[in-house]
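Reviewing the structure listed below.
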Amino acid sequence: SSFPPVLHPARFPPRAPRRRSPGRSLRAMKAYLLLYNAACCAGWGFCVARTVALAANGAAAREVYADVGQVLMVSQTAMLLEILHSLLGLVPSPVVTVAIQVSSRIFIAWGHLYWVPECQRHWSFILMVISWGITEVVRYAFYFCGLLGFVPFPLFWLRYSLFMVLYPTGITGELLQALIGMGAHWKVANPLWYRLSLIVLVAYVPGSPGMIGNMWANRKRSLKKRSAAKEEPKGVVWPKTKAGDRSSTSTNRAILAAAAGAGPGGSAAAEKVSREKKWRFAYNKHLLDHVSQSLESKDGCIAMAKAGLNAAHETFMFVRDGHPEMPMKEAMEKLTTGAFETAELVGGQPLPSKRDLSLSYGGVLGRPYYNFKNRRNTKVTGLELRRQLDQWVEYGTMEPDVAEALKTLQMNQDSWLDLSSMYFVLLGAASAMGPLHFLLSLGANVIAVARPGALKGILSKARNTPGKVIFPVKKGSNWKAFLASGDFDGLSKVSGCDLLTQTPEIADWVLSVAPGKQLTIGNYTYLDGALHVQIAVACDCIIDKLCRARKDTAVAFLGTPTDAHVVTQEAADAAKAAHKNAPAWMAMWEACGVLKPNKAKAAGGQQFMDAIVSDQGPNYILSKRLQHWRAMVAREDGHKASSNVSPSTATSSVTSNASFAAAYGGMHIFRPMEVIYQELSLSIMGALLIHDLRNPKSAANPANELAHPLCLFQATSFHGGIWRCPYTISTIGIPSAIKYYLAVFWAQILIGIGLVATVTQYAVAGTLPSALAKALALVPPAVWRDVSAPLAA
């Protein structure tokens, strides 16, 4: 080397580029918002204090305006920044809502008050300023305290209660100010602004009740949330963070990081996950990395699954009065009180003499599912069923192995569909997507884990089936008397259980049920948000304990199509070909950046599709990941594992959301997408479960080698077209919804277009369409004079 040793470059490694600390950015943002809220609170506080003081001393509105007008205009104009805050994501408020509220205030302040002396002299100015001022002082003080982490209850109550009085008084003041400005000035000075103001006032008619109604809903929701936050959580809970709360974000991230650290990426992969600051919006990227790394190695995949499950068991806590808070792993061993004994109800119907595999379906491929609502319970059997399966395969809605599995089940239906000797543990037995009724109709023995209220409904329906329901009751209770008398209300008071608060006891009870019998335990639970992960962890702890104690236990899960699944080469090629041949209207949506091609990603010799819908959130995907991990680990340990993907299903809980209902209603335009009713989903998923357990050649059987553990979720997937669709499920929602609205609400849309055209013509030209003008000409002139006369100041 030509360098002296002391100057050799190796002694001076290049400095890493300086990275701006995300924490510093967050602190700067918080400091800015604190300053903004404090300044606005002070500005509005000055306005309302001076207005009240002057009005109390008998000052006229004109004198009040002269005193506070300048500060009022500055404070009101500063609210325009709130639209920017919402656009930039500094605050969670909806952009459209904020824009409407701020714009209506700007319209009054700058559109009338500032320019029209008559507005400044009218008593409505004082009414408006006091209403605005009190509202804003409370609101900005509420936000300021919220940023500091604590909102006193009096301030909280005022924030969500004063609107009952201040919104009506404020709206009254705004309307009077606009009417005075229009009549006293703008009608002559600027007819265009006069007409625009009239249009805005008309919008107040539906807008004002809507705004007040929205605040009522916010009040109810916020009071409920605050009340719940005061209650000390019980049972399975998220661990406390450094900040002292039980936020889900850091734990969610830590569990995936633990799984990543056990894979091929090692500590570097774990660190990459742990460093992610915007987890809510970036979790899907890390989940795709997780699947990609899992595919690099079979052993690595299992190691990652075990690490993720272990992290969940050690991280999630269990809270119970009289005991210290402890990890779930510890609670499952220590908190076993033997709270339950076993009860059973035998259905009164005999086993069917002839068993026919049937599916409930009345739809037509390529048509909106809702057009066939009245045919959803149509039974499809025999040769018709086989033809329907072939149609689904040819269309691309299901994979060929699904059809083959169901045909195999049909060929063996006389023996395989006799479930009288089979025992199923259903965690969340009353779930809308669970196989309860399918199993009971075939004579199965169902061990129902459900809450008392849900169990009451289960028992009532089970009486009219050939199946048996085994359920937990409180020790020492006289459940037999209740059952014999048909008193299900009384029985519900001593039966049932809570998966979140009685997890250890439920596990021990399940262990004791049906000794010597092979059990199949399935998790069919669903809760919203963070609770979904909590109950998923509870169920996994129960399943883990049962599998360790009873080695012949089988496990079952219901897979979601909106995940990252390994797909066949045939499916990947079909999606690619569909994109290549997509019609021009789809290409236009793609060119606008709305649609994203559905391209398979390669990893470890396999292909997988990104069908994650980020709006579902990181908690939903973690819950499903826990199920994937358990299915793979259980199968690796020698347990049968059934985990079939169910298609997009129009359940009542899904379609109650207007956006989801609209998207579902139009998805058929993206061949081979098909949304199905709950009846078909339940019948086909139940049938696939039985196939997995009965057929020794099924992918669920650990004796059959899979190309990779993740191929378990590739097998027998009824994905509803997602794998073969030309565009990703996460991007087809907008065009689908538009198609639905055009098809269902075309009349309302035409009326709306006509109304917009009429309003625009009036605003710009001051004229109305001839037909409307003729209709209005029937109104007596005296009425028009009275309506349009200016208000006296």
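The values are calculated or read from the model by the stated rules, or taken from the named source; none is laboratory data. In this text the structure is predicted, and so the values were computed from the model without any measurement. Neighbour counts are summed over all protein chains in view; Cβ atoms, including those assigned to glycine, are modelled from backbone coordinates with ideal geometry. All accessible areas refer to the heavy atoms of the entire protein, side chains included, with ligands and DNA or RNA removed. Shrake-Rupley method; radii C 1.70, N 1.55, O 1.52, S 1.80 Å.
Sort the following peptides by mean Cβ neighbour count (other Cβ atoms within 10 Å, averaged over residues), highest first: 135-145, 439-449, 249-259, 656-666. Let's see the in-between values first.
On the way: 135-145: 20.2, 439-449: 25.0, 249-259: 22.3, 656-666: 17.0.
With the highest mean Cβ count within 10 Å placed first, the list reads 439-449, 249-259, 135-145, 656-666.
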Original post:
With every protein chain left in place, what is the accessible area per residue of region 240-301 in square angstrom, probe 1.4 Å?
Top reply: 50
Original post:
Rg (Å, one decimal) plus Dmax (Å, integer) for the alpha carbons of region 576-725?
Top reply: 17.3, 51
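What do you get for Rg/Rh over region 293-344 if you use C-alpha atoms and the Kirkwood form of Rh? Could you put the intermediate results ahead of the total?
Numbers: Rg = 16.5 Å, Rh = 13.5 Å.
Here Rg/Rh amounts to 1.22.
Out of all Cα-Cα pairs in region 312-440, roughly what percent, to the nearest whole number, are more than 20 Å apart?
Values: 5517 of 8256 pairs.
Cα-Cα pairs in region 312-440 separated by more than 20 Å: 67 percent.
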Original post:
Full extension from Ser460 to Ser353: what is 0.36 nm times the residue separation minus their Cα-Cα distance, to one decimal in nm?
Top reply: 36.2 nm
Subject >> Amide hydrogen neighbours beyond the local backbone of Ile447, cut-off 5 Å, H modeled >> reply: Phe424, Val425, Leu426, Ile470
Subject >> Kirkwood Rh, angstrom, region 527-627 [1 / mean 1/r, Cα pairs] >> reply: 16.5
**OP:** Return the distance in nm (one decimal) between the two label points of a simple spin-label model at Ala53 and Thr381, each offset 7 Å from Cα along Cα→Cβ.
**Re:** 8.7
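Would you kindly state how much longer the chain becomes between Lys30 and Leu201 on full extension, computed as 0.36 nm times their sequence separation minus their alpha carbon distance, in nm to one decimal? List each step's numbers first, then the result.
On the way: separation 171, 0.36 × 171 = 61.56 nm, distance 3.71 nm.
Full extension from Lys30 to Leu201 adds 57.9 nm.
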Original post:
Can you give the extra length, in nm with one decimal, that the chain gains between Glu271 and Val346 once fully stretched, where that is 0.36 nm per residue apart less the Cα-Cα distance?
Top reply: 21.6 nm
**OP:** Over all alpha-carbon pairs of region 118-196, lay out the pair-distance distribution in 5 Å bins, whole %, shortest bin first.
**Re:** 3, 15, 19, 15, 13, 12, 9, 7, 5, 2, 0
Original post:
Taking all protein chains as present, what is the carbon and sulfur share of the accessible area of region 656-763, in % to the nearest whole number, probe 1.4 Å?
Top reply: 66
Subject >> Selection from Leu196, Ser248, Thr315, by position along the positive dipole direction of the chain (Cβ) >> reply: Leu196
**OP:** Compute the acute angle (0 to 90°) between the alpha-carbon long axis of helix 400-411 and the principal axis of greatest extent of the alpha-carbon atoms of the chain; round to the nearest 10°.
**Re:** 50
Subject >> Met164/Ser653 FRET efficiency (R0 25 Å; Cβ-Cβ; nearest 0.05) >> reply: 0.20
Original post:
Where does helix 249-261 land angle-wise versus the long Cα axis of the chain, in degrees 0 to 90, nearest 10?
Top reply: 40
Original post:
What label, among (1) 100, 77, 69; (2) 156, 127, 52; (3) 90, 89, 73, belongs to Cα extents along the principal axes in Å computed from the structure on display?
Top reply: (3)
**OP:** Give me the distance between the Cα centres of region 143-188 and region 476-495, rounded to whole Å.
**Re:** 55
**OP:** For helix 746-765, report the angle its Cα long axis makes with the longest principal axis of the Cα atoms of the chain; keep it between 0 and 90° and round to the nearest 10°.
**Re:** 20
Subject >> Leu90 versus Ile212: modelled label distance in nm, points set 7 Å from Cα along the beta carbon direction >> reply: 3.3
**OP:** Kindly state, to the nearest 0.05, the FRET efficiency for Trp585 paired with Lys373, given R0 = 22 Å and r defined as their beta-carbon distance.
**Re:** 0.20
Original post:
When the Debye formula is applied to the Cα atoms of region 134-272, each taken as the same point scatterer, what base-10 log of I(q)/I(0) results at q = 0.21 Å⁻¹?
Top reply: -1.22
